[in-house]
Amino acid sequence: MDFEPYELYHDESKEAGYWHGMLLVPVRHKSKLLENLVLAREHHRYKSALSIKKLKPGKSRLVSLAECWVNLGVWSLIQSTKGQRYPVYLGKKEKAQKYYHQLDDKVGAKFIVFRDCNRHTELENYSDYGAKIETSFRIGLKGGLHFLGDEQNKILVDRIHFDGYEHYQRHVSRERIVNRMNGLRSYCQINSIPDIIDDRCSDHQKKDSQLYEDCQLLQLTDLLVGSFRIILTRYQESVIKQVLRPSKMLIDEYKKGYARMKNSRWFGGYCISQCELKNGEWSFSTIDYEPPQSDQLSMF
């Protein structure tokens, strides 16, 4: 079977650890996801960049759009429709009632959630802060590719998009991410082109931004990794709970365990793990999650 080319979109969250979110979008289905993201923007008449940090009480239009986008992100991770449709509200109303688009095809994207529990504080002898981020990114990507791919689902990382380079105080290192990626299994590959990494900003209204379509997918990654982090840590800030609802469904599926997940439409579509450096050795584990009984998330 041939390799499926994917573009990878990366964003992070920095509460209760350092969280990498990596959204892998199949090149051939990229336009399908983008079409719906842009349609939701048009229905909500919102042109600015989206971010989990912008979601505050009182911003109903922004919150509604973010919920639509997270729902589209969850839809994009379906690996087998099993003849079922996925209803998504994109902001359109008919006779004052919400109109739900019945999506019956698939994008086949994949999402890797990877947390460094210590926020890189245990990493020593690294040249700078960016080197630590690149190292944990590489570790998380390798593990995620191995888990989500197989000989029947071969993955080629064709391009890599980072949400800006300013906070690293330098451009993202291709050497540390690509050239040092050793031991990949036979069903995983990374493109060897020199310009595989685009680390311009994700705000499409700025001069130095990436292409408009890539900015949208980076913003979607921001919402996804932020919502996963909030649910898994119960660190809720002021995010409106309706935005978290689609991601919570995936986390509940994840909690059922590997065997039961095999029957899910999302099997092979996402993985959640964490690492911790102890006495100079990396320790890897799944992230414990117990659905809360009394806080806001119990209202979903």
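Residues of the stretch 143-180 that are in contact with a strand residue (DSSP E or B) (Cβ under 8 Å, 6 or more places away or on another chain) and closer than 20 Å to residue 115 by Cβ: 143, 144, 145, 146, 147, 148, 160, 162, 163, 172, 177. For the stretch 125-134, does any single residue satisfy the condition of being surrounded by 15 or more Cβ atoms within 10 Å (Cβ to Cβ), without any contact (Cβ under 8 Å) to a residue 24 or more places away in the chain and not hydroxyl-bearing (Ser, Thr, Tyr)? Yes, the stretch 125-134 contains a residue that is surrounded by 15 or more Cβ atoms within 10 Å (Cβ to Cβ), without any contact (Cβ under 8 Å) to a residue 24 or more places away in the chain and not hydroxyl-bearing (Ser, Thr, Tyr). For the residues 97, 102, the requirement of being touching a Pro at 6+ places or on another chain (Cβ under 9 Å), open to solvent by 20 Å² or more (accessible area, probe 1.4 Å) and free of Cβ contacts under 8 Å to residues at least 24 places away in the same chain singles out 102. Taking the numbered list (1) of a type in the set (Phe, Trp, Tyr); (2) more than 24 Å from residue 58 (Cα to Cα); (3) at pLDDT below 95 in turn, residue 228 passes all entries but (2).
Selection of the stretch 173-197 for residues being under 18 Å from residue 6 (Cβ atoms), in contact with a helix residue (DSSP H, G or I) (Cβ under 7 Å, 6 or more places away or on another chain) and not in a helix (DSSP H, G or I) yields 181, 184, 185, 188, 190, 196, 197. Considering the stretch 1-108, the qualifying strands (runs of 3 or more DSSP E), each wholly inside and each with 2 or more residues that are more than 20 Å from the chain's Cα centre (by Cα), run over 86-94, 97-103. The sole residue among 51, 80, 13, 64 that is open to solvent by less than 20 Å² (accessible area, probe 1.4 Å), in contact (Cβ under 8 Å) with a residue 24 or more places away in the chain and polar (S, T, N, Q) is 13.
Residues in the stretch 182-195 that are buried (at least 17 other Cβ atoms within 10 Å of the Cβ) and of a type outside the set (S, T, N, Q): 3 in all.
Being modelled with pLDDT under 85 and open to solvent by 10 Å² or more (accessible area, probe 1.4 Å): is that true of residue 89 here? The answer is no for residue 89. Scanning the stretch 246-274 for residues that are among the small types (Gly, Ala, Ser) and in contact with a strand residue (DSSP E or B) (Cβ under 8 Å, 6 or more places away or on another chain) gives 268, 269, 273. Filtered by the rule that a residue be β-branched (Val, Ile, Thr) and open to solvent by less than 20 Å² (accessible area, probe 1.4 Å), the stretch 16-48 gives a lone residue, 25. When the residues of the stretch 205-218 are filtered to those that are open to solvent by less than 40 Å² (accessible area, probe 1.4 Å) and not charged (D, E, K, R), the one that is nearest to residue 30 (Cα to Cα) is 217. Against the definition (surrounded by fewer than 17 Cβ atoms within 10 Å (Cβ to Cβ) and either more than 19 Å from the chain's Cα centre (by Cα) or of a type outside the set (A, V, I, L, M) (or both)), how does residue 202 come out, yes or no? Taking the combined requirement at face value, the residue does not satisfy it.
Among the residues of the stretch 143-167, those identified as under 19 Å from residue 215 (Cα atoms) and either open to solvent by less than 60 Å² (accessible area, probe 1.4 Å) or assigned to a loop (DSSP other than H, G, I, E, B) (or both) are 157, 158, 159, 160, 161, 162, 163, 164, 165. The numbered conditions (1) within 18 Å of the chain's Cα centre (by Cα); (2) open to solvent by 40 Å² or more (accessible area, probe 1.4 Å) are all true for residue 221 except (2). Could you give every pair whose Cβ atoms fall below 8 Å, whose first residue belongs to the stretch 244-272 and is without any contact (Cβ under 8 Å) to a residue 12 or more places away in the chain, and whose second residue is open to solvent by less than 70 Å² (accessible area, probe 1.4 Å) and in a helix (DSSP H, G or I), counting only separations of at least 6 or pairs across chains? Taking only residues 6 or more apart or on different chains, the pairs are 261/253; 261/254; 264/253.
The values are calculated or read from the model by the stated rules, or taken from the named source; none is laboratory data. No experiment lies behind these values; they were computed from the predicted model shown. Counting neighbours? That spans all protein chains shown, and the Cβs are built from the backbone with ideal geometry, glycine included. Remember, those area values only see protein heavy atoms, side chains included, never the ligands or the DNA or RNA. Shrake-Rupley method; radii C 1.70, N 1.55, O 1.52, S 1.80 Å.
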